[in-house]
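Supplied in structure tokens, the structure appears directly below.
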Amino acid sequence: MSAGPVIALHGGAGVNPARNYAEVEAHLHDLARRMKARLIAGLGALDAVCEAVFDMEQSGLYVAGRGSGPNREGAHEFDASLMCGATGRAGAVAAIQNVLSPVSAARAVLEETPHVLLAGAGATQFARAAGLAPLPQDAGWFRLAVGVAPEDLLEPQAHGTVGAVARDANGRLAAATSTGGTFGKLAGRVGDTPIPGIGTWADRQVAISCTGVGEAFILAGGAGDVAAHMRYGGATLETAAHALLARVAALGGDGGLIAIDSNGHVAMPFNSKGMKRAVAGLGRATQVAIT
Ligand code: ASP
């Protein structure tokens, strides 16, 4: 266990073990290593999770940002949220369109509005007014995320997400999550990712980013339930995280989460076939795994 800076990343629980994730593993390793160095150099937890998620969105390797699939109408709608444990403040966007970086839009909601969550056309308008970059005009900008085959785009429950949780050198915690959601989703469908307390949570005790079947995470109580189990029930991070996944499974869903507690302890459980994940920190070897 490390009480110094730590970062954990996930690239989603939508994993097909028969596919090759070598490019993802290399990217996660490099990103975790870079973010660890930035945290050791003094980067704050909220900046770190925002920067890491931005990198994953732009890579096109995951089902978020550039690697997102279209909904049934052929439009790309994104969900993202982030939360700062030290201030208890969160920002989020749901079903937002035409924005280069959904997590940057979530951050702008946190920093520039009195609100927590903006959705749909209003979120898109807000991003424009806030001066955030739109999607590139080039229709070829989107790419299939690693491990996603074209036929998966027709499968309503295929999905992916990216997320990061961090503990900075001052012991502050933060979490961020961003997704293109499930493939073949209905227009306007919103999953767990942009809901603070469900897909993302950070307080002074724990920071959590979830991935998996969003509907099940919403109904199971999500990340906030893990935090409440620890806060009121005195549960350990591991126990609380596994209890959430058991409820998700009982609802017919699967997925996983990454979490860091205030002592720098990291948990990355999942009950899906895999979860692309990495952890790096002071005095800790950088680790990457998929299954
Ligand atoms: N939780 C995301 C959603 O339901 C998908 C995922 O994490 O793979 O939109």
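To the nearest 20 debye, what charge dipole does region 236-291 have about its Cα centre, counting +1 at the Cβ of each Lys and Arg and -1 at the Cβ of each Asp and Glu?
Numbers: 5 positive and 3 negative charges, 36 e Å.
For region 236-291, the charge dipole is close to 180 debye.
Placing one identical point scatterer on every Cα of region 98-237 and ignoring solvent, what is log10 I(q)/I(0) from the Debye formula at q = 0.12, 0.16, 0.22 Å⁻¹?
Cα-only, vacuum Debye calculation for region 98-237: -0.57, -0.97, -1.45.
Next question. Give the shape of region 40-103 as rounded, prolate or oblate, defined through the alpha-carbon gyration tensor: a ≥ b ≥ c are the square roots of its eigenvalues, a/c under 1.5 means rounded, and otherwise the shape is prolate if a/b is larger than b/c and oblate if not. Write down the numbers at each step before the final one.
On the way: a/c = 3.75, a/b = 1.74, b/c = 2.16.
Here region 40-103 falls in the oblate category.
If you don't mind, another one. Taking the Cα centre as origin and putting +1 on Lys and Arg beta-carbons and -1 on Asp and Glu beta-carbons, what dipole magnitude results for the chain, to the nearest 20 debye? List each step's numbers first, then the result.
Details: 22 positive and 24 negative charges, 95 e Å.
The calculation lands at about 460 debye.
Length gain on complete extension for the stretch Ala289 to Gln205, per 0.36 nm per residue less the alpha carbon to alpha carbon distance?
Numbers: separation 84, 0.36 × 84 = 30.24 nm, distance 2.55 nm.
Residue separation times 0.36 nm, minus the Cα-Cα distance, leaves 27.7 nm.
Also, I was wondering about something else. Enter the accessible area per residue of the chain (Å², integer; probe 1.4 Å; all protein chains in place). It would help to have the intermediate numbers written out before the result.
Numbers: 10710 Å² over 291 residues.
Spelled out: the 1.4 Å probe surface of the chain, per residue, equals 37 Å².
Normalised by the residues of region 179-222, what does the relative contact order come to in percent, with Cα pairs under 8 Å and at least six apart?
Values: 44 pairs, mean separation 15.5, N = 44.
Relative contact order of region 179-222: 35 percent.
For Ala22 and Ala133 in the same chain, what is the full-extension length gain: residue separation times 0.36 nm, less their Cα-Cα distance, in nm? Provide the component values of the computation, followed by the final result.
Details: separation 111, 0.36 × 111 = 39.96 nm, distance 3.03 nm.
Contour length minus Cα-Cα distance gives 36.9 nm.
Give me the percent of the accessible area of region 173-249 that comes from carbon and sulfur atoms, probe 1.4 Å, all protein chains in place. Walk me through the numbers before you get to the answer.
Working: 1460 of 2310 Å².
About 63 percent, which is the carbon plus sulfur part of the accessible surface.
Given a Förster radius of 45 Å and the C-beta distance between Ala250 and Asn98 as r, what FRET efficiency does 1/(1 + (r/R0)^6) yield to the nearest 0.05?
Values: r = 38 Å, r/R0 = 0.84.
Efficiency for this residue pair is about 0.75.
Projected onto the charge dipole of the chain (+1 at Lys/Arg Cβ, -1 at Asp/Glu Cβ, origin at the Cα centre), which of Leu28, Met230, Ile195 gives the Cα projection farthest towards the positive end?
Met230
May I pose another question? Considering only Ala13, Ala75, Ala243, give the residue with the highest GNM mean-square fluctuation for the chain, with springs between Cα atoms whenever their separation is below 10 Å.
Ala75
Return one quarter of the surface area of the convex hull spanned by the alpha-carbon atoms of the chain, equal to its mean projected area, in nm². Can you show the working numbers first?
On the way: hull surface 53.4 nm².
In nm², the orientation-averaged hull projection of the chain is 13.3.
If Lys and Arg each add +1 and Asp and Glu each add -1, what is the summed charge of the other residues whose beta carbon sits under 14 Å from the beta carbon of Ala174?
Values: positive: Arg38, Arg89, Arg107, Arg167, Arg172, Arg204; negative: Asp47, Glu51, Glu111, Asp168, Asp203, Asp261.
Surrounding charge for Ala174 is 0.
Then there is this: Could you check the spin-label model distance between Thr87 and Glu112? Points 7 Å from the Cα along Cα→Cβ, value in nm.
So the label points at Thr87 and Glu112 sit 1.5 nm apart.
Further question on the same structure: Assuming 0.36 nm per residue, please report the length gained on full extension of the stretch Glu151 to Glu238 beyond their Cα-Cα distance. Could the numbers behind the result be given before it?
Working: separation 87, 0.36 × 87 = 31.32 nm, distance 3.59 nm.
Difference between extended and current length: 27.7 nm.
For region 62-127, which whole-number percentage of the solvent-accessible area (1.4 Å probe, protein heavy atoms only) is attributable to carbon and sulfur atoms?
Heavy-atom surface of region 62-127 belonging to carbon and sulfur, 1.4 Å probe: 50 percent.
Return the calculated 222 nm mean residue ellipticity for the chain, to the nearest 500 deg cm²/dmol, obtained by summing -39500 (n - 2.57) across DSSP H runs with n ≥ 4 and dividing by the residue count.
On the way: 7 runs with 88 residues, N = 291.
Rounded to the nearest 500, it is -9500 deg cm²/dmol.
Sort Leu244, Leu144 by heavy-atom solvent-accessible area, probe 1.4 angstrom, most to least. Don't jump to the answer; show the numbers that get you there.
Values: Leu244 0, Leu144 70 Å².
Listed by decreasing accessible area, they come as Leu144, Leu244.
Something else about it: Report the label-to-label distance for Leu186 and Arg231 in nanometres (one decimal), using points 7 Å from each Cα along the Cα→Cβ vector.
With each label point 7 Å from Cα toward Cβ, the separation is 3.2 nm.
The values are calculated or read from the model by the stated rules, or taken from the named source; none is laboratory data. Since we're looking at a predicted model, the values are computed, not measured. Methodologically, a virtual Cβ is constructed for each residue, glycine included, from the backbone with ideal geometry; neighbour enumeration extends over all protein chains shown. These accessible areas exclude ligands, DNA and RNA; they are computed on the full protein's heavy atoms, side chains included. Shrake-Rupley method; radii C 1.70, N 1.55, O 1.52, S 1.80 Å.
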